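Below is one structure, written out as structure tokens; comments come after it.
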Amino acid sequence: MLAYLFGFRKSIEASRELRSVREQAEVVKNAETLKTGLEVRLNEFDSQPGNLKVIEDDQEFILTTINQSSVKSQVRIIEIMGTDTQADNDIIRNTYGATVEGAFIDLVNLLRTFEEAGHDGNIVSATFYRFSDNKTRKASTRMKFYLQEIKAL
Amino acid sequence: MNLHGKSIFQKGSRCAGLYLWFGNDSELFASLVIAVRRNEVVRIESALFSDSLEDIIRKVPGNIPLILSLDGCHVVHRLVNNDSADNTLFNTLQGSGTNDFYFGKHEAAEMMIVSLIRKEEVSKLIGLINREGLLVFDLQLGPFSIDRLTGISGDKGGIEIPFYTLFLENGRITHFERSYNNKTRNTYPVEFGNDIISSEFLVSLSLCYDFFQKDYSKDNSEILAAQRKELIAKRLLSATLLPFLLFVFILLTVNFALLLNLDKKNRILSSSVTVGKHHLIQIDSLRKALVIRQKIFDAKNDLGARYLAYFSDRIASRVPPEITLSTLNIYPQKSPNQKRNQYLFSDGLITISGLSGSTVSLEKYLENLSSFWWIESVRITGYSMEKDGIGLFNLEISISVNQ
């Protein structure tokens, strides 16, 4: 036991440490090649289509997309939400959305327009619901949708 | 005289025979033989003569059985009849108790040789030997074990050895003559196997022969029992514990050398790693960035995120006339936390609530929904009948587009 505590344990630990240091030394030795490879892969990711943003402002993108859609005269924008930013593990999630009123079929068409817009953000949620105006007693269909854009910190 | 080294031996492989003759005026005659037994043949490893007890004891190895024979002025020998041996023992020294003596018996041809020495003399001598780190395995009195030597025979009917003339018949002593002065003629060369030894060593050699042949299990001497036990313990220690400790020590030494080597390699590699540390940091950052990019790429390529309009359209298209939908929630928000402004959504889940005129139409709607390939399961999470007979229902649909 004493022999283990004073002798062999230290050797085992030294051997483990050496293995780890040897791996690091190997990485250092091939650092240039590794770095080049990693940079090439990063560039491949960065040059993917969809990373090029046409409109910088999220709210402006929603407004433009609705106003340029085929159902622009059939739907009414009720609300455009501000962008909420969440940072988690070096990833930023920008979430924004809008509430639109119209016929169900027009709202579905509008949703498809957003899906096909080629923007960085994906549609991550959509809720259709019936809304009754307390003043006019008029019922309508509304759609609240969220877009989420994921970026590196 | 020609002695044979070969005989029938029972135990032991190495021993020391020490014959001590104490003369008047404290003069000492000591002869030591260290013998080994290999392949049933006894060979003399070393033989030594001295007149100093301390000197000769130092020459005895510590871990082999020491067979001691005492003789001289303190020892009395009597040749008696076999049946009167015990009485002789009591009557040898009148006025003394038997407990005061250490005695030895040796079977002669037709009689018995009884030898006596005071126990205090024995204790004094054994104490002296013990202090030098030696243990006495057997203690004999006189030179009479000489008849153990195979092939020994007397010229002119007697063997002359220092201080004695022994008369043998059929390998057994018949009688002996003792002299307190060592005569020169008693010292002569004797052929032993391929070697020539002096007759001074015959008694010591015979003690070794005696050790190899004798059965000690019947020997019940108190003085020697303690010595033997201690010797066995000592030999056990040197045979097991010491080799084990030596083995551990060797292992530790090897381990230490290994540790030094590992440490040296470690230091060399560590210095090269330190030099290239900025490379490691850069590579770590690049790897981290790649992982993040991959996550983002996966999120963007999430097929489910592209079919929200399709799901809405298909689900609405299969609604029977008796059913009115009030909400259709595709990938609903998970328990929204307004304070933390966290937007998390339930991927692969659609919730529907609505009104149904009858349970039959609701069942039909469920069947319609189940027929879609992208719907994994449809579950009713709530149903309640209102007063006007219309049922409020909640459905939960699990979807999968990665088929």
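For this structure, a couple of remarks:
- Hits in the stretch A:120-143 - residues which are part of a loop (DSSP other than H, G, I, E, B) and in contact with a Ser or Thr (Cβ under 8 Å, 6 or more places away or on another chain): A:D133, A:K138
- The one condition in (1) within 11 Å of chain B (Cβ to nearest Cβ); (2) closer than 23 Å to B:Y343 by Cα; (3) in a strand (DSSP E or B); (4) of a type outside the set (A, V, I, L, M, F, W, C) that A:G82 fails to fulfil: (3)
- Filter result for the condition that a residue is surrounded by fewer than 19 Cβ atoms within 10 Å (Cβ to Cβ) and within 24 Å of B:K334 (Cβ to Cβ), over A:I105, A:I91, A:I62, A:I123: A:I91
- Qualifying residue in the stretch B:221-243 (condition: within 14 Å of another protein chain (Cβ to nearest Cβ) and loosely packed, with under 15 Cβ neighbours inside 10 Å): no
- Number of the condition not met by A:I78 [criteria: (1) closer than 20 Å to B:L308 by Cα; (2) over 15 Å from the mean Cα position of the chain (by Cα)]: (1)
- Matching residues in the stretch A:93-128 - criterion: being more than 18 Å from the chain's Cα centre (by Cα) and of a type in the set (F, W, Y): A:F104, A:F128
- Top-ranked residue of the stretch A:86-106 - restricted to ones that are in a strand (DSSP E or B), within 11 Å of another protein chain (Cβ to nearest Cβ) and at pLDDT below 85, ranked as nearest to B:A309 (Cα to Cα): A:R93
- Each residue in the stretch B:6-21 was checked for being aromatic (F, W, Y) and at pLDDT 90 or above, and 2 of them qualify.
The values are calculated or read from the model by the stated rules, or taken from the named source; none is laboratory data. Since the model is a prediction, treat every value here as computed from it, not as a measurement. Because the Cβ atoms are built from the backbone with ideal geometry, glycine has one as well, and the counts that use them run over all protein chains shown.
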